[in-house]
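Chemist: First, the structure itself, so that you have it in front of you.
The values are calculated or read from the model by the stated rules, or taken from the named source; none is laboratory data. Treat the numbers as computed from the prediction; the structure is a model and nothing was measured. FYI the Cβ positions are ideal-geometry reconstructions off the backbone, even for glycines, and counts take in every protein chain you see.
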Amino acid sequence: MVLLIEWGLYSYAKMLYRCGEEWTGRRVLSPDVGEHRMKYVDIDANDQNLIDEAVSVIKRNYSDPRHTVGAAVLCSSGQVYTGVNIESCGYGPCAEPIAIGSAISQGERDIVSIVAVGVSEDSYFVMSPCGNCRQLLYDYAPDCMVIIPHDDSVVKIRARELIPDAFSNF
């Protein structure tokens, strides 16, 4: 591990040298790098309808522990696509990629918003996407609005805001 860290610092120092800067032994952030602030937006009636669609799909398909989360995706065509998570002993995809895959399978490419809903006894609650789903949203729909819980309310935020400084290969 130490070798990897030292190699990383060595590579960084080489990069600085090539750019004509001197290595000081510590990284310094440029002045324009500041605290990342999330831009939350209140949900509207369309968002509530999308939440209702996610609740509906998990109500129809709930089977603990295999299917416990439902998701709904709204596309620019106005069409809503839904999905549920799939649990298995190895890997089970979350509900969000299932819903996104359903939309893409039908030729959709412009995702407007997405929401995931979980179940607790007989109540349903909006869930924040996991790290893998955040990366997936960043790769497929960075400008879509993601409906999430925040400070005892439900709000929406752009997918790109959920994973600042994200890696992207697309």
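Chemist: With the requirement that a residue be over 16 Å from the mean Cα position of the chain (by Cα) and buried (at least 21 other Cβ atoms within 10 Å of the Cβ), what does the stretch 85-104 give you? Reasoning before the result, please.
Modeler: Step one: filter the stretch 85-104 for residues over 16 Å from the mean Cα position of the chain (by Cα), giving 86-92, 102-104.
Matches in the stretch 85-104: Ala103 only.
Chemist: Which of the residues belonging to the stretch 89-113 are of a type in the set (A, V, I, L, M, F, W, C) and modelled with pLDDT of 95 or more?
Modeler: Of everything in the stretch 89-113, those that are of a type in the set (A, V, I, L, M, F, W, C) and modelled with pLDDT of 95 or more turn out to be Cys94, Ala95, Ile98, Ala99, Ile100, Ala103, Ile104, Ile111, Val112.
Chemist: Same structure, new question: Take Thr82 and decide whether it is hydroxyl-bearing (Ser, Thr, Tyr) and touching a residue at least 40 places away in the same chain (Cβ under 8 Å). So that I can check it myself, show each step before the final result.
Modeler: Values: hydroxyl-bearing (Ser, Thr, Tyr): yes; touching a residue at least 40 places away in the same chain (Cβ under 8 Å): no.
Here the answer is no, as Thr82 does not meet what is asked.
Chemist: Determine whether Cys144 is within 18 Å of the chain's Cα centre (by Cα), within 25 Å of Arg37 (Cα to Cα) and at pLDDT 95 or above.
Modeler: Working: within 18 Å of the chain's Cα centre (by Cα): yes; within 25 Å of Arg37 (Cα to Cα): yes; at pLDDT 95 or above: yes.
When the stated conditions are applied, Cys144 passes them.
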